[in-house]
Amino acid sequence: MNTSTSHSTYYPGQAISYMLLGCLCNALMMATVKYLSQALPLNILLCARFFISLLCVSIFIKIQPGHKKTHIFRKFACKKNLWLQCTRSIIGFMSLLLFFYATKHLSLASATVLASTTPFYIPLLTSITFKKSLPKKLWPSIGLGFIGVLLILKPGSDVFSWYAIMGLLS
C-alpha cells in the first residue's frame, strides 16, 4: 500500500486494469509494427508511435483538474532532473528503435522474448553501477532465466543473428 502520502488511495483493481490495458496496447503495437514494417520505413513507424504517445499523454493531462496539471508539470519538468530525463529519453528511444528493427527482421515471438530479458540485466547493471556484489542466491535465478529464454527461442532458428542482438539490447 502507498503510505508515503496521506491523500493517496490504493486501488488494486484499477492498477490491475491499467496493467492489462498496457499489455494489450503493447501487444497491439508489436503486431502493428510487424505488419507495417514490411511496407513502411521504421523511422516513420517510430514517429507515429511517439505521436500516438504524445496524443495519449496530452489527453490525460487535459482531463486532469487544474491543480493536478500544475503538479504534473512541476514534477516532471524540473531543472534539477533535466539531465536524467534527457538520458532516459535517449535510452528509451534507442531501446524502441532496436526493438522495432528486431521485430521487423525476426519472428514476432522471438523479438518479444528477446526484449523481455530486461529483468535479467537489471541486477547485473545495478551491481556494476553501485559496485555491490549480487547475492549468491540470485545467480542461479538469472542463469535459469536465460536457459528458459534459450528453450523458448529454440537455438538454431532465426534467433542467432545481429537482429537478435538488437532484440536483446532493446
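Side notes on the structure shown:
- Paramagnetic reach from L125 (point 7 Å along Cα→Cβ, amide N under 15 Å) across segment 91-107: 91-99
- Computed extension length for L82-S17: 20.3 nm, one decimal, from 0.36 nm per residue of separation with the Cα-Cα distance subtracted.
Rule-based calculations on the coordinates, nothing more; no lab input. All figures in this text were calculated on a predicted structure; none of them were measured in a lab. Here Cβ is always computed from backbone atoms with ideal geometry, including for glycine, and neighbour counts include all displayed protein chains.
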